[in-house]
Amino acid sequence: MNNGSTNSHRKQLTIALAGNANVGKSVIFNQLTGGNQIIGNWPGKTVEIQEGYIEKNGLKIRVVDLPGIYSLSTYSEEEIVTREFIIKERPDVVIVVVDASALYRNLFFLLQILEIGAKTVVALNQYDLLERDGFEIDLQKLESLLNVPVVKTIATKNIGLKELFERTLLMASRTYVPKFPKYGKEIEERINKLVEALSPYDFDVSKRFLAIKLLEHDEEFEKLVPKDILHLRDKLAKELEEIHGEPIRTIIIQERYALASRITAEVLRKKTKRSIDFSNRIDDILLHPVFGFFFLTLILLFMFFVVFKFGSFLSDYIGGLFDSLKPHFMSLKLDESLKTFIWDGLIDGLVAAFGIVLPYIAPFYLLLSFLEDSGYLARIAFLTDAFMHKIGIHGKAFIPLIESFGCNVPAIMGTRVLERRRDRIIASILATLVPCSARSVIVFGLVAAFLGPIYAILIYALDFVFIFFVGLLLNRYLKGTPTGLIMEMPRYRKPVLRIILKQTWIRLKEFFTFATPIIVISNAIMEGLILLKLLPYLELSVKPFAYILGLPPLATLTLVFGALRKELTLIMLATFYKTSNFALILTPKQIFVYGFVTMIYIPCVATIAMLKREFGTRVAILITLFEFVLSMILGGILNLLLRFI
Amino acid sequence: MYETLDRVKANRIVKVVDFVVPKHHIHIPQYIVRLQEMGVLKGEIIEVRRNTGIGPIEINVKGTKLAIGRGIASKIIVEEVNE
Ligand SMILES: Nc1nc2c(ncn2[C@@H]2O[C@H](COP(=O)(O)OP(=O)(O)O)[C@@H](O)[C@H]2O)c(=O)[nH]1
Ligand SMILES: [Mg+2]
């Protein structure tokens, strides 16, 4: 897990930002690193870790933005990644970003980081919100209680960040002897006994942290220690459980909160009367069981309207740009078939990525970041939770499903907001069945254009019913139990444009570095197939499916190309039959079956690749097969039914 | 009177009394640990801010607002506190 590069890390400094969600880590990260950051993945885990580099006095400083978490247990992959990062990569300093206006609960997390024994600096961020609530915090006292530097910051206004950075560098260069705030007497005694028993051994973490983790029955750490220590642990845990009458994990949580409460009482002071909390007033409307859904629908409709209006405009514009370049390219003095291959095989793939996908995704991400930054995304999760539970996932999964209407690939990345793998897989499967913009193009260009808008709506409706039943099915037959929703409701905030643009940019960059090569390569393969005149063989092999679906084999063949990029189905249909009057090729019933099957029959290659990256090869293949078989069955049934109408 | 959190009406103040834990569990379930880590501990006084009968329950605990799904809320036993 160490990348084996510990040595090359020596000459540079690593600073990690850790803290709860929504405390301002990413804003601080962006303010510190400026423009140049990359999103990495912790090996084997699908949690995003953002990294950026700063040069200062000839020192190269690596800044890492860790995911937002509430504890260092193993509830979610994000927690595991964060603690592995701190323990194994050993950042020189961990900056714990704290929401000053919720000091009490944030201390709960901070105390755990201190236990690890890593050098820590505390950023008391969102200090403006604390002052608005009419409070102040005694910094000196907090510093002396925690034995680490504490800096007041207001990240969005760039206040205090310079001092934070300087004190972080100072911390990195000095020696640090951890001095932990103490828990209650009974538990401290037993922690010390365990620490003593651990003294002959050598570990990456402080013995105190390890002792506490062992008391918590943390499986990852239980693996590290010999049996007799576990026996001692069992004995000590039992004693504590008898004294407190609670399970040991609960006791430790209670102790941490008791400590957090003592510290808070000592440092937090009321200054003025509290001003009213507008968030709650807004929520009375936006979370209202009737008006709330009304607004949600309005907002979603508005979003789709903007995305598709703006997207098709941008798409036409970029497509036109490439089209106008084509004659110039074709007049170059080069071998004809080479030119065709370069243009149709390579450039066309780029056109697809930048002319078809980008125009829809960019505005989509922009709006999504806006909703996220305003705090509304959490409200969407709240409103949709009841419904989403019916299909085995909770409210947070609604957001990736919405994202899917733009493109499935980032939606699968977006399922990372879910805590459990099971939830992520269900949400991802459903996401791949949501009609992305490419599939909407097909439904509009084929079904709506030749059968009428009613039939297009019917296909969407069929698809949504289908998604619902697949959800029911997966929830019923996938191993494991559904996870319930436990979510902090952030305050509403005025979104900051700079931050929205930044977030959008980072997301786009990640998407394109991932998807562009796949789109271009698969496009080139397709062109190769055509140039090598292999199509007749392919046509032969799709015959059985053509029979099931009641479609002409040549039309069925276009579905193979659709697996590369969904909108290719229509393009190839026009190419093969040399007409875009599809009514000449297919009967109305065939158009309907074709439209329905293209919606669901397979995820496109970029989506499959993303599934593989997030869940492994086996799951990616299983999902693909599952959807293919299901779509053939449903397409076949639809075909039969339509014959009788 | 004891009741589960999902049945408490909005704008009531309640005290957490206990959690419903399935009998056969050796350890307490993860979601209860998570609740406790978020501050929903025995003895804690919480304010129910929103409960419309469908969808999650919104509570105020330790100065933060938390949305809890109905399923999980039905595992939290509370008692009304008289102000
Ligand atoms: N008022 C105020 N808002 C802040 C401050 N720092 C961050 N924010 C806002 O808090 C929200 C969450 O910030 P973000 O950096 O995404 O949090 P993260 O989840 O910890 O990465 C954003 O809407 C920020 O604009 C601050 O010091 N004061
Ligand atoms: Mg962040």
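The single condition among (1) in contact (Cβ under 8 Å) with a residue 60 or more places away in the chain; (2) surrounded by 17 or more Cβ atoms within 10 Å (Cβ to Cβ) that A:Ala397 does not satisfy is (1). For A:Lys533, the criteria (1) surrounded by 21 or more Cβ atoms within 10 Å (Cβ to Cβ); (2) more than 24 Å from the chain's Cα centre (by Cα); (3) of a type in the set (Lys, Arg) hold in every case but one, which is (1). Got at least one residue in the stretch A:425-432 being within 16 Å of ligand 2 (Cβ to nearest atom) and either closer than 27 Å to A:Ile69 by Cβ or in the same structural domain as A:Leu570 (by TED's automatic domain parsing) (or both)? So far as the stretch A:425-432 goes, no, none of its residues is within 16 Å of ligand 2 (Cβ to nearest atom) and either closer than 27 Å to A:Ile69 by Cβ or in the same structural domain as A:Leu570 (by TED's automatic domain parsing) (or both). The residues of the stretch A:12-35 that are without any contact (Cβ under 8 Å) to a residue 40 or more places away in the chain, part of a helix (DSSP H, G or I) and more than 9 Å from ligand 2 (Cβ to nearest atom) amount to a single one, A:Thr33.
How do the helices (runs of 4 or more DSSP H) wholly within the stretch A:361-480 filter down when requiring 3 or more residues that are under 29 Å from A:Ile519 (Cα atoms): which remain? Break it down stepwise before answering.
Numbers: elements: A:376-390, A:398-404, A:408-414, A:421-433, A:437-442, A:453-477.
Here the list reads A:398-404, A:408-414, A:421-433, A:437-442, A:453-477.
Residues of the stretch A:52-69 that are away from ligand 1 (no atom under 12 Å from the Cβ) and either under 24 Å from A:Asn106 (Cβ atoms) or without any contact (Cβ under 8 Å) to a residue 12 or more places away in the chain (or both): A:Gly52, A:Glu55, A:Asn57, A:Gly58, A:Val63, A:Val64.
Which of the strands (runs of 3 or more DSSP E) contained wholly in the stretch A:118-157 include at least 3 residues that are in contact with a Ser or Thr (Cβ under 8 Å, 6 or more places away or on another chain)? First the steps, then the outcome.
Details: elements: A:120-125, A:135-137, A:150-152.
The qualifying strands (runs of 3 or more DSSP E) are A:120-125.
Looking across B:Ile72, B:Ile57, B:Ile77, one residue alone is more than 13 Å from chain A (Cβ to nearest Cβ) and touching a Leu at 6+ places or on another chain (Cβ under 9 Å). It is B:Ile77. Of all positions in the stretch B:8-30, at least one carries a residue that is surrounded by 14 or more Cβ atoms within 10 Å (Cβ to Cβ), facing chain A (nearest Cβ under 7 Å) and not hydrophobic (A, V, I, L, M, F, W, C). Inclusion of A:Ser279 among residues that are in the same structural domain as A:Gly445 (by TED's automatic domain parsing) and either under 30 Å from A:Leu124 (Cα atoms) or under 33 Å from the mean Cα position of the chain (by Cα) (or both) is not warranted.
Checking B:Gly63 against (1) surrounded by 16 or more Cβ atoms within 10 Å (Cβ to Cβ); (2) at the interface with chain A (Cβ under 7 Å from one of its Cβ atoms), which test does it fail? Failed condition: (1). Where strands (runs of 3 or more DSSP E) fall entirely within chain B, those with at least 1 residues that are farther than 30 Å from A:Phe293 by Cβ are at B:2-4, B:12-19, B:45-50, B:76-80. Taking the stated definitions as given, is A:Leu232 aliphatic (A, V, I, L, M) and surrounded by 13 or more Cβ atoms within 10 Å (Cβ to Cβ)? Yes: the conditions hold for A:Leu232. Of the residues making up the stretch A:104-149, those that are in contact with a helix residue (DSSP H, G or I) (Cβ under 7 Å, 6 or more places away or on another chain) and within 16 Å of ligand 2 (Cβ to nearest atom) are A:Ala123, A:Asn125, A:Gln126.
Test A:Leu114 against the stated conditions and say whether it is among the aliphatic types (A, V, I, L, M), crowded, with 21+ Cβ neighbours inside 10 Å, in a helix (DSSP H, G or I) and within 16 Å of ligand 1 (Cβ to nearest atom).
On the way: among the aliphatic types (A, V, I, L, M): yes; crowded, with 21+ Cβ neighbours inside 10 Å: yes; in a helix (DSSP H, G or I): yes; within 16 Å of ligand 1 (Cβ to nearest atom): no.
It is false that A:Leu114 is among the aliphatic types (A, V, I, L, M), crowded, with 21+ Cβ neighbours inside 10 Å, in a helix (DSSP H, G or I) and within 16 Å of ligand 1 (Cβ to nearest atom).
Which helices (runs of 4 or more DSSP H) does the stretch A:179-223 wholly contain that include 2 or more residues that are loosely packed, with under 14 Cβ neighbours inside 10 Å? Spell out the reasoning first.
Details: elements: A:185-198, A:207-215, A:219-222.
By residue number, A:185-198, A:219-222.
Of A:Glu242, A:Glu266, all but one fail to be away from every other protein chain (no Cβ under 14 Å), assigned to a helix (DSSP H, G or I) and without any contact (Cβ under 8 Å) to a residue 12 or more places away in the chain; the exception is A:Glu242.
If I ask for residues that are touching a Leu at 6+ places or on another chain (Cβ under 8 Å) and either near ligand 1 (Cβ under 10 Å from one of its atoms) or over 20 Å from A:Ile28 (Cα atoms) (or both), which ones from the stretch A:148-159 would you list? Scanning the stretch A:148-159 gives A:Lys152, A:Thr153, A:Ala155.
Of the residues making up the stretch A:245-262, those that are within 12 Å of chain B (Cβ to nearest Cβ) and charged (D, E, K, R) are A:Glu246, A:Arg249, A:Glu255, A:Arg256. Counting the residues of the stretch A:458-492 that are within 14 Å of another protein chain (Cβ to nearest Cβ) and either in contact with a helix residue (DSSP H, G or I) (Cβ under 6 Å, 6 or more places away or on another chain) or within 16 Å of ligand 2 (Cβ to nearest atom) (or both) gives 11.
Only residues that are part of a helix (DSSP H, G or I), out of contact with any Leu (no Cβ under 9 Å at 6 or more places or on another chain) and not hydroxyl-bearing (Ser, Thr, Tyr) were counted across the stretch A:522-542, and they come to 4. Of the listed requirements (1) farther than 27 Å from A:Gln254 by Cα; (2) away from ligand 2 (no atom under 16 Å from the Cβ); (3) of a type in the set (S, T, N, Q), A:Thr156 misses just one: (2). Residues satisfying the criterion are present in the stretch A:88-100 (criterion: in a helix (DSSP H, G or I), crowded, with 18+ Cβ neighbours inside 10 Å and small (Gly, Ala, Ser)). Does the stretch A:524-552 hold any residues that are touching a helix residue (DSSP H, G or I) at 6+ places or on another chain (Cβ under 6 Å) and closer than 17 Å to A:Tyr601 by Cα, and which are they? A:Val542, A:Lys543, A:Phe545, A:Ala546, A:Ile548, A:Leu549, A:Gly550, A:Leu551 - these are the residues of the stretch A:524-552 that are touching a helix residue (DSSP H, G or I) at 6+ places or on another chain (Cβ under 6 Å) and closer than 17 Å to A:Tyr601 by Cα.
Would you say B:Leu5 is buried (at least 20 other Cβ atoms within 10 Å of the Cβ), touching a residue at least 40 places away in the same chain (Cβ under 8 Å), closer than 25 Å to A:Ile252 by Cβ and more than 11 Å from chain A (Cβ to nearest Cβ)? Give the steps one after another, and end with the answer.
Details: buried (at least 20 other Cβ atoms within 10 Å of the Cβ): yes; touching a residue at least 40 places away in the same chain (Cβ under 8 Å): yes; closer than 25 Å to A:Ile252 by Cβ: yes; more than 11 Å from chain A (Cβ to nearest Cβ): yes.
Yes, satisfied.
The values are calculated or read from the model by the stated rules, or taken from the named source; none is laboratory data. Just so you know, these numbers come straight off a predicted model, no measurement behind them. Here the Cβ is made from the backbone with ideal geometry for all residues, glycine too, and neighbour counts use every protein chain on show.
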